[in-house]
Amino acid sequence: MIQNPLDILDKYFGYSAFREGQQRVIDQVLQGDDSLCVMPTGGGKSVCYQVPALAMDGTVLVISPLISLMKDQVDALHQLGIPAAYINSTLSSEEYFGTMDNALEGKYKLLYVAPERLDSESFLNQLQKMTIPLIAIDEAHCISQWGHDFRPSYRNIHRIFDYLNNRPIILALTATATPEVQDDICQQLHIPPVSRVVTGFERSNLIFSVVKAQNRDQFVKEYTRKNKNEAGIIYAATRKAVEQVYLLLEKNGIPVAKYHAGLPDYERQQQQDRFIMEDARVMVATNAFGMGIDKSNIRYVIHYQMPKNMESYYQEAGRAGRDGLDSDCYLLFSSQDVLTQRFLIEQSPDPSRVSNEIKKMQVMVDYCHTEGCLQKHIIKYFGEDDVEDCGRCGNCTDTREQFDVTVDTQKVLSCVIRMGQRFGKTMVAQVLTGSRNKKLKELNFDELSTYGLMKGRNAKDVADFIEFLISKNYLQVESGPYPTIFVSEDGKDVLLGKVKVWRKGEMVTTVVAKDDP
Ligand code: ADP
């Protein structure tokens, strides 16, 4: 009964062409290959299993943890004339049995279920009586402990196979999986690595910039004033910071709304409505804001502080420019942010996740210090290869002169080695600047030949320079409760004088209005 997928796309969804990646995933599924599809939110993952569902006999089982979105998805399918249903804890027992009866009669093309359902023996027994050609596993990163949203029930997915007579094809889908998490998903679901399709992470209308060592309040004040007719979101890491930025902008006469988990439900709703209805142009919020917000004309997203990982950053910044028009994504960075995020991560109720979270945070710190293309840095992180420089971001358009910092680099690297490669950047910076800290004396670091080699320099600037060397991969971080740094193979080449290191001078970002020519 397999029909041409493009005809199905046109007939049911009204689209004339597949997007990048969709065609390949659908071809793989229809050939019977298990696959992993990694595409950003809004990239069009649903079509990758909905089109095959219409081309295959039987009912496609969709496993999704997003109970609140299941009804919307099923309603949308009904609108398109596609028979579908969902089973989750919101159904009454009458509704559940009614749905199951229909499912057993093969009335649905798609059946959405929450992963917890797979813990139930009786449900799995019912599946045995159905024809299931394909299992689509949405939010597949939940299967991995290395992902940012591990769900133990996802580990039971493989149990389905013990109950089914014919093994269905597996299609795992996610928007946020690092190459490490992708490997883990493939391994656990026995998906061959060649069947991985990673695409669509580039957003060619987003202009990324990192602003360092500048007064953040001044920046947001000036930016919102110059762009007062544009809608934008300012994300801050804590409720306190949200309140502070909110007051700052309000005092400056900017129509502003705020959103964080500390506000009562009705007020959150009210503030959100003000932003959607454009009564307030600017929304200042914690990461609690944004899920399910469908506002396409957001012209800028400013992160007032560094977020905790790249997954969160790209999701939040990606709320800008949904309408395809050029939009700004600024990240305002201060080294204090690293301490704030570390503190928040260490409050995690699950201590076993702390070192993984800190490793993920380091990727954000590298992003803030890289002098390479920012968009490329992000896309590569999500595992897409063959990426070109974007030519638009703050780094690609940066024309500052470069300075040869090879000698300074050699000083830092040799100091790291002399200290036994067992300490963090703050301590290394203290040794280099000749700090009188008692601990250094106890460890006899004041006797090292590199002690005070950068005397007269500010320890904070040296620590910043070390971050730059980490982002360039001359130094690497061994994460743990106390992250330590060590010299990489690339770093050894610098010590041997085989390569030179260049750095650009201090950057000052000037704020311009988005509608300036
Ligand atoms: P995801 O699940 O990856 O977040 P969706 O599947 O919800 O994304 O798709 C996002 C939007 O893109 C939807 O409105 C969908 O209808 C639309 N879309 C998907 N595929 C295509 C296509 N080939 N052409 C045009 N629009 C598409």
Which numbered condition Ser16 misses (of (1) more than 8 Å from the ligand (Cβ to nearest atom); (2) modelled with pLDDT under 95; (3) farther than 24 Å from Ala177 by Cα): (1)
Close pairs (8 angstrom Cβ cut-off, 6 or more residues apart or separate chains): farther than 23 Å from Thr224 by Cα in the range 259-284, modelled with pLDDT of 95 or more and among the hydroxyl-bearing types (Ser, Thr, Tyr) anywhere: Ala261/Thr286
Candidates Asp217, Asp279 - the one that is surrounded by fewer than 23 Cβ atoms within 10 Å (Cβ to Cβ) and farther than 13 Å from Ile302 by Cβ: Asp279
Any pair with Cβ under 7 angstrom, 6 or more apart, that starts in the range 39-53 at a residue that is in contact (Cβ under 8 Å) with a residue 40 or more places away in the chain and within 20 Å of Lys380 (Cβ to Cβ) and ends at one that is assigned to a helix (DSSP H, G or I) and more than 9 Å from the ligand (Cβ to nearest atom): Thr41/Gln315
Among residues of the range 1-32, those that are surrounded by fewer than 19 Cβ atoms within 10 Å (Cβ to Cβ) and outside any loop (DSSP other than H, G, I, E, B), counted: 10
Hits in the range 406-433 (condition: among the hydrophobic types (A, V, I, L, M, F, W, C) and surrounded by fewer than 19 Cβ atoms within 10 Å (Cβ to Cβ)): Val407, Ile417
Residue within the range 55-65 that is within 16 Å of the ligand (Cβ to nearest atom), under 30 Å from Arg203 (Cβ atoms) and in a loop (DSSP other than H, G, I, E, B) present: yes
Strands (runs of 3 or more DSSP E) (entirely within the range 205-303) containing at least 3 residues that are in contact with a Leu (Cβ under 7 Å, 6 or more places away or on another chain): 206-212
Subset of the range 26-42 (residues that are near the ligand (Cβ under 8 Å from one of its atoms) and farther than 23 Å from Ala85 by Cα): Met39, Pro40
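Quickly run through the range 327-345 and pick out the residues that are closer than 14 Å to Cys393 by Cβ and either aliphatic (A, V, I, L, M) or at pLDDT below 95 (or both).
Taking the range 327-345 first, the residues closer than 14 Å to Cys393 by Cβ are 327-331.
Scanning the range 327-345 gives a single hit, Leu331.
A quick yes/no check of all residues on (1) within 20 Å of Cys368 (Cα to Cα); (2) loosely packed, with under 15 Cβ neighbours inside 10 Å; (3) modelled with pLDDT of 90 or more; (4) among the polar types (S, T, N, Q):
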site: Arg436; (1), (2), (3), (4): no, yes, yes, no
site: Leu443; (1), (2), (3), (4): no, no, yes, no
site: Glu447; (1), (2), (3), (4): no, yes, yes, no
site: Phe465; (1), (2), (3), (4): yes, no, yes, no
site: Lys472; (1), (2), (3), (4): yes, no, no, no
site: Leu475; (1), (2), (3), (4): yes, no, yes, no
site: Ser479; (1), (2), (3), (4): yes, no, no, yes
site: Val487; (1), (2), (3), (4): no, no, yes, no
site: Lys492; (1), (2), (3), (4): no, yes, yes, no
Verdict on Val512 being under 30 Å from Asn297 (Cα atoms), modelled with pLDDT under 95 and not acidic (Asp, Glu): yes
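The values are calculated or read from the model by the stated rules, or taken from the named source; none is laboratory data. Everything numeric in this text was worked out from a predicted model, so none of it was measured. Here Cβ is always computed from backbone atoms with ideal geometry, including for glycine, and neighbour counts include all displayed protein chains.
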